Amino acid sequence: MSLILMAVLGVVLLSNKLPVATVAMTGALICGMLGFIKYPEVFSGLAGTAAVLLMSMMIIGGSLFHTGLAEKMSNAFLKVTGTTERGMIVAVMSLSALMSSFCNNVGVVTTLYPIVMDMCKRTHTSPSRLLMPLGYGAAVGGIITLVGTSTSVITSTALEATHGISFGFIDVGYIGIPMTALSVLYMATLGRKILPDYNFDFDEIAEVDHSQVSSRKMVLSAVILVCILGTMILKPKGIPLYVISSVGAIILILTGCITEKQAIQSISWSTIAICGGMMAVSTSIMKTGGGKMIADSIVQILGNNANPYVVVFVFFTVVVIMTQFLSNISTAALMGPLAMFVADGLHMNPFAFAMMVAVGVNAALITPVGTQSLTVVWEPGHYKFLDFFKVGTPILLINYFCVMVLLPMLWPF
């Protein structure tokens, strides 16, 4: 029954007729009413450690935008590149990836957008040449740190729930950093030749509006951010990441770097609801034995002596296909626990499987609807749907390379 429910939820999510958060919470409530889980567990994900980590990091990211620090970083970084097209592509994509490693990717794109458009106007470069690197940089950069995208946190939570271990702050970066570097290199070489070049009326491009910001708050926000990230990397005395990020968020509010109202507005409550609801559904599948049933079926099909590379390739492909059409958060919540069951059934490394899912759900790169950062630049760049398939396919292949080559080197299957 739990598997039937999961299938129904998948169909509803794929139809895109209802809000994802509503579907997730409805699924959680049904699990409670059918007795799959106890009633308190229906809502436990909304106040769990994963939700706390997500909310506090959203507040920290919001402070960068409200203090003007994000724009200051952007302008300083972009001055280094000069006005050559290749240099601007590298700068825009690298900066958006770096900022996306600890900020919401849509927030990164919307913050850098006016700066990029101003660069285009000053250098008479078509925005279609820079907006796509901006979107793809934000898309791939989320996998550099654990908090770069909520899907990594969700996958790590599934690993912790089933095996008592979790990702460290920079574990995903061992895959994410090389993957991002290769993506930037591709965009500056082969990708530059594929990027569309559409005509624009430069007179219609507005100038960047440099709002008045407090230098004191900007500096203070930068110092606090460095301290937070440094503490997360060092993780002194085993202090959990959600505690470190929560302390950082509170300090930012108390020092006035971000107001309480702005902090609340920085939180994507729909993401929290999706995360909490789908975690309840995943818990139901685990407790009812549905996950084990699927894992046993896969094991029977593949055989106990199945080639681990074949297993990972097939599973990764399934995740990649799903995330092109479903919310990546939903895909992570559905496939994360399932990957753990399959890994156990085949006696493979669950950490490697969890990392494979974390990379896969972040690989919605060949359509403009799979990743929000690409959706944001779709219309302003005058892009066609097929443009994303042409430019994004090589980046997707880079993802495959990192999973099939780098992943087993770091965490043997």
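The values are calculated or read from the model by the stated rules, or taken from the named source; none is laboratory data. Everything numeric here is computed off the predicted structure, so don't read it as measured data. Quick reminder, even Gly has a Cβ in these numbers, built from the backbone with ideal geometry, and neighbours come from all protein chains shown. All accessible areas refer to the heavy atoms of the entire protein, side chains included, with ligands and DNA or RNA removed. Shrake-Rupley method; radii C 1.70, N 1.55, O 1.52, S 1.80 Å.
Rounded, prolate or oblate: pick one for region 115-205, where a ≥ b ≥ c are the square roots of the eigenvalues of its C-alpha gyration tensor, a/c under 1.5 means rounded, and failing that, prolate if a/b is larger than b/c, else oblate.
On the way: a/c = 3.96, a/b = 2.66, b/c = 1.49.
Prolate is the answer for region 115-205, as a/c is 1.5 or above and a/b outweighs b/c.
Taking the Cα centre of the chain as the origin, how large is its charge dipole in debye, to the nearest 20, when only Lys and Arg (+1) and Asp and Glu (-1) carry charge on their Cβ atoms? Don't skip to the end; give the middle numbers.
Numbers: 19 positive and 17 negative charges, 86 e Å.
Its charge dipole is roughly 420 debye.
By average Cβ neighbour count within 10 Å, what is the ranking of 162-168, 124-130, 89-95 from highest down? Before the final figure, lay out the partial values.
Working: 162-168: 16.0, 124-130: 19.1, 89-95: 24.6.
The packing order, highest mean first, is 89-95, 124-130, 162-168.
Per residue, how much accessible surface does the chain expose to a 1.4 Å probe? Answer in Å², no decimals. The partial results should precede the final answer.
Values: 17630 Å² over 413 residues.
Accessible surface, normalised per residue, equals 43 Å².
Span-like helices, the chain: DSSP H, alpha-carbon axial extent 24 Å or more, mean Kyte-Doolittle -0.5 or greater, which ones?
Working: long enough: 49-67 (27 Å, 1.56); 105-123 (26 Å, 0.56); 215-234 (29 Å, 1.91); 269-288 (29 Å, 0.97); 308-325 (27 Å, 2.18); 328-345 (25 Å, 1.07); 385-401 (25 Å, 1.23).
Correct list, ordered by number: 49-67, 105-123, 215-234, 269-288, 308-325, 328-345, 385-401.
For the ranges 226-239, 53-66, 148-161, what's the packing order if you count other beta-carbon atoms within 10 Å of each residue, average per peptide, and put the highest first? Don't skip to the answer; put the middle values down first.
Details: 226-239: 13.1, 53-66: 24.6, 148-161: 26.1.
So the order, starting with the most tightly packed, is 148-161, 53-66, 226-239.
Once the cut-off is 26 Å, how many percent of the Cα-Cα pairs in the chain end up in the long-distance tail? List each step's numbers first, then the result.
Values: 45809 of 85078 pairs.
In whole percent, the long-distance tail amounts to 54.
On the protein heavy atoms, probe 1.4 angstrom, tell me the percent of accessible surface of the chain carried by carbon and sulfur. Provide the component values of the computation, followed by the final result.
Values: 11680 of 17630 Å².
Carbon and sulfur: 66 percent of the exposed surface of the chain.
Can you tell me which of GLY289, GLY27, GLY392 moves the most in a GNM of the chain? Springs connect C-alpha atoms under 10 Å apart.
For the chain, modelled as a Gaussian network with Cα springs under 10 Å, the answer is GLY289.
Pick from THR331, THR26, THR283 the residue whose mean-square fluctuation is largest in a GNM of the chain, springs joining Cα atoms under 10 Å.
THR26
When the chain is treated as a GNM, springs tying every alpha-carbon pair under 10 Å, which of ASN328, ASN199, ASN399 comes out with the largest mean-square fluctuation?
Of ASN328, ASN199, ASN399, the Gaussian network model singles out ASN199 as fluctuating most.
Enumerate the lysines that LYS72 could reach by cross-link, defined here as Cα to Cα under 28 Å, with residues fewer than 8 away along the same chain left out.
LYS121, LYS217, LYS261
Mind running the shape call on region 158-272? Use the C-alpha gyration tensor, a ≥ b ≥ c as the square roots of the eigenvalues: rounded below 1.5 for a/c, prolate if a/b tops b/c, oblate otherwise.
On the way: a/c = 2.22, a/b = 1.23, b/c = 1.80.
It comes out oblate by the Cα gyration axes.
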